[in-house]
1. With closer than 17 Å to residue 59 by Cα and either modelled with pLDDT under 95 or of a type outside the set (Val, Ile, Thr) (or both) as the only criterion, which of 304, 320, 315, 293 stands out?
2. In segment 372-388, which residues are on the phi > 0 side of the Ramachandran plot and modelled with pLDDT under 95?
3. Please enumerate the residues belonging to segment 246-258 that are assigned to a loop (DSSP other than H, G, I, E, B) and either touching a helix residue (DSSP H, G or I) at 6+ places or on another chain (Cβ under 9 Å) or among the β-branched types (Val, Ile, Thr) (or both).
4. Pick from segment 404-416 the residues that are surrounded by 17 or more Cβ atoms within 10 Å (Cβ to Cβ) and under 13 Å from residue 374 (Cβ atoms): which of them is modelled with the highest pLDDT?
5. Just to be sure, is residue 257 within 19 Å of the chain's Cα centre (by Cα), small (Gly, Ala, Ser) and not assigned by TED's automatic domain parsing to the domain that holds residue 105?
6. Looking at residue 260 and the list (1) crowded, with 18+ Cβ neighbours inside 10 Å; (2) of a type in the set (Gly, Ala, Ser); (3) modelled with pLDDT under 95, which single condition is not satisfied?
7. For residue 278, all conditions in the list (1) in a loop (DSSP other than H, G, I, E, B); (2) in contact (Cβ under 8 Å) with a residue 40 or more places away in the chain; (3) closer than 22 Å to residue 100 by Cα hold save one; what is the number of the exception?
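The values are calculated or read from the model by the stated rules, or taken from the named source; none is laboratory data. Model, not experiment: these values are computed from the prediction. So basically every Cβ, Gly included, is an ideal-geometry build from the backbone, and we count neighbours across all protein chains shown.
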Amino acid sequence: MTDPAASSPLAGPAPEPVSLYVHVPFCVSKCAYCDFYSRAGGEALRRPFVDAALFEAGHWSHYDLLDDVPTLYIGGGTPTLLGDDLVRLVRGLIETARLRADAELTVETNPETTDAALVAALVKEGVNRFSLGVQSFDDDVLRTLGRCHDAERARAATRILRDSGAGFSIDLICGVPGQTTASWDATLEEAVRCGARHLSVYPLTVEEGTPLDAAVRAGTVPAPDPDDAADMMLAAEMALAAAGMPRYEVASYAQPGHESRHNLVYWTGGSYLGVGPHAASMLTAEQYRRVAEGEGWATPPASEPPCARARFTREASLEEYVRRPLADPGPVEFLDADETAREDAMLGLRTTAGITAAQADAAGAVEALVGLAEQGLVRVTESADGESRWRTTEQGWLLGNRVFEAVWTAEDPSRP
């Protein structure tokens with residue numbers, strides 16, 4: 001790993017930072033609630049996938065997109081299902097991209113594929129953070145979610161990660177049909193004790209087309225109760241804050257200094273490049289234009305205000321991706337400067353830091369925020385440096401979609 005900031009002053013302007021995400025679309029089995037692009041099985045395609053991902057990353061590096069990489073996140077799917085090929089993927093990405101000396105390198109894993117030898121090999125290559133999909137320490141809840149591990153396997157996985165010396169996060173889901181308050185409290189207690197320095201807590205969402213959706217429609221599983229989920233989110237916020245892991249984003253909690261730097265890139269409008277099938281990317285207009293002109297993609301339109309950002313996903317299937325890892329992206333979304341400012345304000349309100357008064361003004365969202373304040377969903381606070389900031393209230397946190405929609409449309413929600 002190198003530090004781009006340490007380059008010679010004669011080498012020209014410093015490269016723009018671009019975080020790197022690699023989507024590994026393999027799982028042991030599909031969970032009942034999951035609508036991410038992934039494939040159960042597919043052993044024969046795992047090595048060719050790694051070859052394709054490394055080829056793709058190497059190709060984008062020729063456009064200077066990987067000259068300053070502050071974070072690398074390998075997600076999925078279940079990346080650790082790749083075994084030794086995951087070690088090869090990590091090594092190849094580090095050789096291809098110019099990662100910062102202090103770069104955050106995260107690998108997602110699940111309890112059933114968290115192997116001590118593999119974890120040690122990944123740490124040796126430079127992985128310094130893991131994200132473990134626990135979801136619950138209650139076997140009944142895990143069965144409802146269609147997870148292929150039990151609570152004891154989850155506990156064993158947390159011990160392996162803790163002993164590795166790397167930092168790790170765990171994911172939890174609340175509002176699951178049949179999940180009791182006692183079950184949720186016990187899961188939170190275990191999560192605090194296990195050594196994780198970061199937790200992600202999500203209310204269960206029934207995604208269309210998933211097995212859970214079919215079960216709810218058939219009446220074999222009751223629909224999640226949003227009030228139960230809200231109560232559990234509040235319980236999590238209180239319990240985790242008391243344990244020294246305050247909430248810093250809608251669904252994210254961390255010990256100070258252990259926030260997910262990669263996810264903060266998403267919430268603060270940073271550039272990121274997605275590698276792999278169905279991996280999303282977002283680049284500045286200039287970064288995207290360099291690639292588009294070289295690859296023959298659609299270029300940003302001439303507009304006023306000018307295009308500031310491009311977002312795209314290459315929605316190839318796994319088989320198509322292995323055959324053609326450089327296929328053109330699907331529809332590209334171009335955001336002009338005004339839309340970019342509104343998006344940054346909307347995403348900034350996901351965090352407890354909120355947005356500055358200047359950001360709200362640039363987004364044209366002041367009137368909308370005033371209307372939200374009248375409903376008790378946001379408030380103006382003053383930072384330690386005397387800067388005024390808009391932040392969500394507790395009610396606004398729980399009703400976040402209402403806040404985000406009002407800011408994105410820049411409309412006063414109190415008007416009929």
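1. Numbers: 304 fails: closer than 17 Å to residue 59 by Cα; 320 fails: closer than 17 Å to residue 59 by Cα; 315 fails: closer than 17 Å to residue 59 by Cα.
Only one candidate passes the filter, namely 293.
2. Within segment 372-388, the first condition is being on the phi > 0 side of the Ramachandran plot, and the residues that meet it are 376, 386.
Once the filter is applied, which keeps residues that are on the phi > 0 side of the Ramachandran plot and modelled with pLDDT under 95, segment 372-388 yields only 386.
3. Within segment 246-258, the first condition is being assigned to a loop (DSSP other than H, G, I, E, B), and the residues that meet it are 246, 250-251, 255-258.
Within segment 246-258, 246, 250, 251 qualify.
4. Taking segment 404-416 and keeping what is surrounded by 17 or more Cβ atoms within 10 Å (Cβ to Cβ), we get 404, 406-408, 410, 413.
If we keep only those that are under 13 Å from residue 374 (Cβ atoms) as well, we get 406, 413.
Working: 406: 95, 413: 63.
The selected residue is 406.
5. Values: within 19 Å of the chain's Cα centre (by Cα): yes; small (Gly, Ala, Ser): yes; not assigned by TED's automatic domain parsing to the domain that holds residue 105: no.
Spelling it out, it is not the case that residue 257 is within 19 Å of the chain's Cα centre (by Cα), small (Gly, Ala, Ser) and not assigned by TED's automatic domain parsing to the domain that holds residue 105.
6. Among (1) crowded, with 18+ Cβ neighbours inside 10 Å; (2) of a type in the set (Gly, Ala, Ser); (3) modelled with pLDDT under 95, residue 260 violates only (3).
7. (3)
Yes/no matrix, rows are residues, columns are (1) at pLDDT 95 or above; (2) assigned to a loop (DSSP other than H, G, I, E, B); (3) out of contact with any Cys (no Cβ under 6 Å at 6 or more places or on another chain); (4) not assigned by TED's automatic domain parsing to the domain that holds residue 37:
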| site | (1), (2), (3), (4) |
| --- | --- |
| 179 | yes, yes, yes, no |
| 202 | yes, no, yes, no |
| 209 | no, yes, yes, no |
| 235 | yes, no, yes, no |
| 239 | yes, no, yes, no |
| 244 | yes, yes, yes, no |
